[in-house]
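For reference, the structure is listed below as structure tokens.
The values are calculated or read from the model by the stated rules, or taken from the named source; none is laboratory data. Treat the numbers as computed from the prediction; the structure is a model and nothing was measured. Cβ: placed from backbone, ideal geometry, glycine included. Neighbour counts: every protein chain shown. For accessibility, only protein heavy atoms count, side chains too; no ligands or nucleic acids. Shrake-Rupley method; radii C 1.70, N 1.55, O 1.52, S 1.80 Å.
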Amino acid sequence: INSLLKKGGIFYGVVPSVMTNTADLIVMDHVNHFSQASLSFLLQAGGFEIVDIDETIHRGALVFSARKPTNTQIKKELNNIDIASVVSFAQVTGRFWLEAGSRIRSFEEQLSSEARIAIYGAGFYCAFIVSCLSKPEEICYVIDQNRFLIGRKVHGLRVIAPEDMPSYIDTLFIGLNPSCAKQIINDIEAFKARNLNCLYL
């Protein structure tokens, strides 16, 4: 990209942020995982001056702009505090994924044989949950608000909207980003009058 740009040219890009979406680590075709510190390093190593890296305007992503300098001198800056925060995050995230499968299996083992189960969320967390279950055939539906997925099948399960979830469903595995899962579920009108047994990752 640097070789394609004129001097002073701007490189604008969007990459997943592993710091705000831990599912990035289990997406098979995401071979690189970006933090603000690692993206800064990559851009500077690629010969760019950083204009801006924003981690708030797009949930789960880093939106950046960088400039090809007009001279060959690039001032490289990496903040030790940023690196320390990445190391701390990596340790916490590693523990999360080590324990997540155990939490799912433990929750499943404690369910009554009468439980009627669905998974909320048709994305990567859903795939992880299904892979951890000893009896995935017990799942009745996948619930999701994405209108492009409703009516389709994921993992052999029909995707339905929250308002179409049958009254007999009493248990949900919540397959959403843990940082926002509870807020999303709390905001769903169709669930507010339901007494649902939920597992949050």
Which order do Cys198, Cys126 take when ranked by solvent-accessible area (1.4 Å probe, heavy atoms of all protein chains), largest first? Cys198, Cys126
q = 0.17 Å⁻¹: log10 I(q)/I(0) that the Debye formula gives for the chain, counting C-alpha atoms only: -1.10
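Looking at region 1-107, which GluC sites (Glu not before Pro) are in a loop (DSSP not H, G, I, E or B) and have at most 16 other Cβ atoms within 10 Å?
When the GluC sites (Glu not before Pro) of region 1-107 are filtered for loop state and at most 16 Cβ neighbours within 10 Å, Glu77 remain.
Given a Förster distance of 22 Å, report the FRET efficiency between Lys7 and Val63 from their Cβ-Cβ distance, rounded to the nearest 0.05.
That pair, Lys7 with Val63, gives E of 0.40.
By how many nm would the segment from Arg103 to Cys198 grow when fully extended, if each residue of separation counts as 0.36 nm and the alpha-carbon distance is taken off?
On the way: separation 95, 0.36 × 95 = 34.20 nm, distance 1.21 nm.
Value of the extension gain: 33.0 nm.
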Region 112-201: relative contact order in percent, alpha carbon pairs under 8 Å with at least 6 residues between: 32
Potential lengthening between Gln145 and Asp170 on full extension [0.36 nm per residue; Cα-Cα distance subtracted]: 7.2 nm
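From the helices alone, meaning DSSP H stretches of at least four residues, give me the mean residue ellipticity at 222 nm for the chain, per-run term -39500 (n - 2.57), in deg cm²/dmol to the nearest 500.
On the way: 4 runs with 56 residues, N = 201.
After summing the helix terms and dividing by the residues of the chain, the value is -9000 deg cm²/dmol.
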Report, by chain and number, residues whose modeled amide H sits under 5 Å from the one on Ser17, excluding near sequence neighbours (fewer than 5 apart, same chain). Ala61, Leu62
Dividing the mean separation of Cα pairs under 8 Å (6+ apart) by the residue count of region 123-171 yields a relative contact order in percent of 29
Just to be sure I follow the definition: excluding the sites themselves, where is the longest run in the chain that has none of the chymotrypsin sites (Phe, Trp or Tyr not before Pro) in a DSSP loop with at most 11 other Cβ atoms within 10 Å? 1-147
Inter-probe distance in nm under a simple model that places probes 7 Å from Cα toward Cβ, at Phe41 and Ala190: 4.4
Inter-probe distance in nm under a simple model that places probes 7 Å from Cα toward Cβ, at Ala90 and Arg116: 4.7
Here the percent of antiparallel bridges among DSSP beta bridges lying wholly in the chain, to the nearest 5, is 50
Taking the alpha-carbon centre of each part, the distance from region 12-73 to region 151-187 in Å is 31
Label-point gap, in nm, between Val31 and Arg152 - each point 7 angstrom along Cα→Cβ: 2.5
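Is there a quick way to get the dipole size of the chain? I mean about its Cα centre, with the Cβ of Lys and Arg at +1 and of Asp and Glu at -1; what is the value in debye to the nearest 20? Each step should come with its number before you reach the end.
Values: 19 positive and 20 negative charges, 121 e Å.
Dipole magnitude for the chain comes out near 580 debye.
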Please report the antiparallel percentage of DSSP beta bridges with both residues in region 103-192, rounded to the nearest 5. 15
What percent do you get for the relative contact order of the chain when only Cα pairs under 8 Å and 6+ apart count? 17
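What does the charge dipole of region 106-175 about its Cα centre add up to, to the nearest 20 debye, if the Cβ of each Lys and Arg holds +1 and the Cβ of each Asp and Glu holds -1? Could the numbers behind the result be given before it?
Values: 6 positive and 9 negative charges, 72 e Å.
My answer is approximately 340 debye.
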